[in-house]
Each structure stands twice: as structure tokens, then as C-alpha cells.
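What follows is one structure encoded as C-alpha cells, with my remarks underneath.
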Amino acid sequence: MTAPAQSTTTPLSAGRAKKPPKLKGGFPIIGHTMPFVKDTIGLLQKTYDECGSVGRFKLFGKDMILFTGPEAHEALFRQPDEVLSPNAAYKMMVPVFGEGVAYGAEPAKMAEQMHMLYPALRNNRMRTYTETVARETLDIIADWGDEGQIEVSSFFGMLTNFTSSSCLLGTEFRNEMSEEFSKVYYDLERGIVAWGYIHPYLPIPAFRRRDRARARLGEMVSEIVEKRRRSGYRGEDFLQTLMDAEYSDGSKLSDHEITGMLVAAMFAGHHTSSVTTAWTLIELLRHPRFLEEVRTEIRARYSDSEDYNFHSLRDLEKTEGAVKEALRIHPPLFILLRAALQDCEILGYQVKKGNWVAVSPMVAHRDERVFQDALAYDPHRYGPGREEDKRPFAYISFGGGRHKCMGNAFAILQIKTIIAVLLNRYDFELGDDPVETDFQGLVLGPKPPITVRYKRRRA
Ligand code: HEM
């Protein structure tokens, strides 16, 4: 989250601003809903190719305006929430996080709640998280033996579940409530379905299970909070940060709010990190030249001493480039949404109250005008002399502006740690499964099964 700079919104004055160009085709009322559902990325790409940096199509009876290109992204990300609202766009998440929490709160209150996470993301905490992630990774591979195979999506899903629950929720959840937490979290996730866009509280079984799970999670968090308060135990985790946090008027977060913020952090950080770790390994295995560079960097540092600490991991530049490039080619959040709450003019185009407004990291990162040989996996593009990610609002895997991802440094450090531990101990090889993207779900990852074989490295 960065401080908002000058916004380029102006109120809509009749006759001056143009209507955004409209994508050809589409049916009356439902517009482009069918092609959007069938091939979302294809439709977004077509909108950019046909209409340029600002283009419009119709979805479920409403206009969706897509902004593409660094200047267009900036113009969108700079809008105040009162004009382009993430809360209204993501309201299907409100029953999951809870009323009055994150997207369920007024913008000013949400901003205060987000600020409360900062102490959990400072360097001293990052040191602890690094050790935790390295330990969890070493534990999970402890019985791997000399050789074997994994299915990458399920393996990294499980591993990042352990690391996220340790770092965010704390040791009590990780050690004592792990199994029940997995069940509850599963029901919460399964409660995020397209019906939520129509009404997030429809009386359907998925929503009933979601609400039961949210209530049970609230009880579990309250139990732990109460125990910590009584025992005086202080964790090095997000839970402790939220227990200590205060609003500007001095009031504390309620247990309901603590639960919601923890769920929000888990939702924001778990799948996104898990699929990015999987893509990083897959892309390295598909590109032996970059794999060799990364492996050499890691082994030069950790062959003699497996001291995976914050400072040494931060210095792994080649590994960081590999992670960033996996994130550019495969941004897990491929569309970022806002809902227009007022008529306004952005970059000379009309945006009307009730319109959806979007940027797509996926379309943005395939733009040859911004990234050289954009479809190629090339971690060198971030190195000296090129630094293609430095152009403001070009690289948007973590969004931008006031709602930019707060967990980006944590995510990259976590993924680097996992990759470093694995490549230091083992050599890997892709199996014969086709490597494709799984377009089901809100977070895009590799389509399972993708098997990877491992062999303990020779001394
Ligand atoms: C590779 C991993 C991750 C990716 C790709 C990612 C991506 C994003 C993106 C694109 C946004 C902006 C959404 C929008 O503008 O609509 C965002 C917001 C956010 N992310 Fe992440 N994220 C990742 C990991 C994490 C982690 C690990 C955490 C926390 C521990 C986290 C916490 C957040 C929060 C709290 C926000 C909301 C910020 C706000 O609205 O002010 N993220 N993330």
C-alpha cells in the first residue's frame, strides 16, 4: 500500500469526455458474458488488441471498462475508493472476512485495519518468518529419501498452508488445530462462487457451509486469543500483531475483526504464494540455462552451511529474478476489479456510476510495447541495464497505488526460501504431463497433475 499521489479523476461534465471504445460483437443485455466465461483471458486480450488502452465490453448487463498499459494502470490505481471502489467490487468476500472487516468496512476503517498489518511485515519479523519457512520446508522433505516424485500443485499447496498458518495464525493453529483449520478453511474457500456476485447471502448449501465455517473459525481464534491473554505468551506472528493493534481512537480490534483480518491475510497470501512457487520451479525446469544460474547461486551460498537466514536469502538475486519472472508470466490474480460509485472522467473517457473497471496483470505483462519479447520466460529482464520492472505501473503482479499488495516482500522471501532449500538438497526434472494453466478459480495456477521427479544431489 503506497501513499496516493495526485489523482487524474475529474467529475464527468456533459459532452466533453468520450465513451470508451466498445469491443465488437456481443448479444443484447448479456453482451460478452458467454465469451468472458468461456475464455476470460482471451476476451480481455481481444479488448486490448481491438480497443487500445481503454476498452469496454458488456458483462451480465453491466459495462466493464478495461484499462491497459502503464499510464492507464496508474490512472486507475490512483482513484480514491469513493470513486472506484474495491469494496463494492469484492463484496462477495464480505461474508468470508466478516461484516466490518477489510472489504466489508468503510474505506477509512479498512485503511486503518490494513495499516495494522505493517508491524507484522517489518524486517525483524521477516527474519523469524524466514527461519519458519526454511524449517517447514526441511521438515516436509525430511522423509524424501534419495529419489521420488511430487505433484507440484498439491505439494506446494500443503507446504504453503503450513508456512502461512505458522507465520500468520501462529503455532497454536499450526500444531494443535491444523486438521480442523484445514477443514474450516476449505469450506470458506468453497464458499467463493460466482453466485456471490449476484448476492453473497443467497440460501445455497455452499454459502451455508461458508457461514458455519466462518463462525467456527471465529470461536477458534477467540479461544487462542483468550489463552494468550491469560498466559502472557506472545507470538511472532500476524495474530499477535492484530491482538496488539489499536485504531486511532485507541480502541482494540474485536475477536471478530481479528478473525476476519487473519482470514483476509490467508486468502491474500496462501494460494498466490503456492502457485507462484510451483510456477517458479516449473519454469526453471523448462529453462535449463536459468536453472543452472539459480542452482549455482544457491549452492555457492548454502552447500557448506544450511543457514537460510533473512540476509543471505535477500541477496539471492538470480533466484529473485526467477520468482519475479514466474509472477510476470503467470500473475495469480489475473484481473483486478473496481466498481464505479460515481460518474467520472478518467484519461478523457467516461466512467459511469455502476460500471465495472478493471486492469489485467495477465494482459499487461504480454504487452510487447512494455516488455521485450514479452511471452518469453527471461529473468534477466530485471538485471542491470534492462530493469523492465522499474517503469512505474508496468509490472503489476502485486497491483499498484493505494491497494498495492502489502505482503509482496513476504511472499517473495517465502518463495525464495522454499526454492533455495529444495535446490540446495535435490535435483529436479519435469515429468511428462502437459504444462498448462488451470483457468478454474480466482487464483490461476498450473493445471494438475504436473509431476516432478527429484533426486538427491551428488556431493
Ligand atoms: C505471490 C503472492 C501474492 C500475489 C501475487 C499478491 C497479489 C496481490 C494483488 C494483485 C493485490 C491488489 C488487489 C487489487 O488491487 O485489487 C494484493 C493485495 C493485497 N495483498 Fe497480496 N499477493 C500475494 C501475497 C500476499 C501475502 C503473502 C499477503 C499477506 C501476508 C498479502 C496481503 C495482501 C493484502 C492485505 C492486500 C490488500 C491491500 C489493500 O487493499 O490495501 N498478499 N495482493
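Here are some notes:
- Of all residues in region 41-73, those satisfying the criterion of being crowded, with 19+ Cβ neighbours inside 10 Å, assigned to a helix (DSSP H, G or I) and either touching a helix residue (DSSP H, G or I) at 6+ places or on another chain (Cβ under 6 Å) or of a type outside the set (Gly, Ala, Ser) (or both) are Leu43, Leu44, Lys46, Thr47, Tyr48, Cys51, Pro70, His73.
So that you can scan it fast, the table gives a plain yes or no per residue for (1) touching a strand residue (DSSP E or B) at 6+ places or on another chain (Cβ under 6 Å); (2) in a helix (DSSP H, G or I); (3) surrounded by fewer than 20 Cβ atoms within 10 Å (Cβ to Cβ); (4) not acidic (Asp, Glu):
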residue: Ala111; (1), (2), (3), (4): no, yes, yes, yes
residue: Gly145; (1), (2), (3), (4): no, no, yes, yes
residue: Ser154; (1), (2), (3), (4): no, yes, yes, yes
residue: Glu179; (1), (2), (3), (4): no, yes, yes, no
residue: Asp187; (1), (2), (3), (4): no, yes, yes, no
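- Boolean, Leu84 is in contact with a Lys or Arg (Cβ under 6 Å, 6 or more places away or on another chain) and within 30 Å of Phe207 (Cα to Cα): yes
- Residues that are within 29 Å of Ala111 (Cβ to Cβ) and of a type in the set (A, V, I, L, M, F, W, C) occur at least once in region 47-63.
- Apart from one condition, Pro384 fits all of (1) without any contact (Cβ under 8 Å) to a residue 12 or more places away in the chain; (2) farther than 19 Å from Pro331 by Cβ; (3) within 16 Å of the ligand (Cβ to nearest atom); the exception is (3).
- Scanning region 263-274 for residues that are more than 10 Å from the ligand (Cβ to nearest atom) and out of contact with any Lys or Arg (no Cβ under 8 Å at 6 or more places or on another chain) yields nothing.
- All of (1) within 15 Å of the ligand (Cβ to nearest atom); (2) under 27 Å from Val225 (Cβ atoms); (3) among the polar types (S, T, N, Q) hold for Thr277 with one exception: (2).
- Filtered by the rule that a residue be within 16 Å of the ligand (Cβ to nearest atom), part of a loop (DSSP other than H, G, I, E, B) and not aromatic (Phe, Trp, Tyr), region 301-348 gives His330, Pro331, Pro332, Leu333, Ile335, Leu341.
- When Val363, Val359, Val370 are checked against the criterion of being crowded, with 17+ Cβ neighbours inside 10 Å and away from the ligand (no atom under 16 Å from the Cβ), Val370 stands alone in meeting it.
- The set of residues in region 230-246 that are in contact with a helix residue (DSSP H, G or I) (Cβ under 8 Å, 6 or more places away or on another chain) and away from the ligand (no atom under 16 Å from the Cβ) comprises Tyr233, Arg234, Met243, Asp244.
- Selection within region 297-343: residues that are more than 23 Å from Glu436 (Cβ to Cβ) and small (Gly, Ala, Ser). The member of this set that is surrounded by the fewest Cβ atoms within 10 Å (Cβ to Cβ) is Ser305.
- Selection within region 167-212 - under 24 Å from Gly235 (Cα atoms) and of a type in the set (A, V, I, L, M): Leu168, Leu169, Met177, Val184
- Single condition Arg135 does not satisfy, out of (1) out of contact with any strand residue (DSSP E or B) (no Cβ under 7 Å at 6 or more places or on another chain); (2) in contact (Cβ under 8 Å) with a residue 12 or more places away in the chain: (2)
- Some residue of region 408-422 being away from the ligand (no atom under 16 Å from the Cβ), of a type in the set (S, T, N, Q) and either at pLDDT 95 or above or surrounded by fewer than 19 Cβ atoms within 10 Å (Cβ to Cβ) (or both): no
- Against the list (1) of a type outside the set (A, V, I, L, M); (2) part of a helix (DSSP H, G or I); (3) under 28 Å from His403 (Cα atoms); (4) modelled with pLDDT of 90 or more, the condition Arg212 fails is (3).
- Entry remark, region 221-259: residues being buried (at least 20 other Cβ atoms within 10 Å of the Cβ) and more than 20 Å from Met116 (Cα to Cα) number 0 in total.
- Residue pairs whose Cβ atoms lie under 6 Å apart, sitting 6 or more positions apart in sequence or on different chains, and linking a residue in region 147-172 that is away from the ligand (no atom under 15 Å from the Cβ) to a partner that is basic (Lys, Arg) and outside any helix (DSSP H, G or I), are Glu147/Lys455; Gln149/Arg453.
- Residues within region 215-252 that are closer than 21 Å to Met266 by Cα, free of Cβ contacts under 8 Å to residues at least 40 places away in the same chain and part of a loop (DSSP other than H, G, I, E, B), tallied: 1
The values are calculated or read from the model by the stated rules, or taken from the named source; none is laboratory data. Just so you know, these numbers come straight off a predicted model, no measurement behind them. Neighbour counts run over all protein chains shown; Cβ positions are idealised from the backbone, glycine included.
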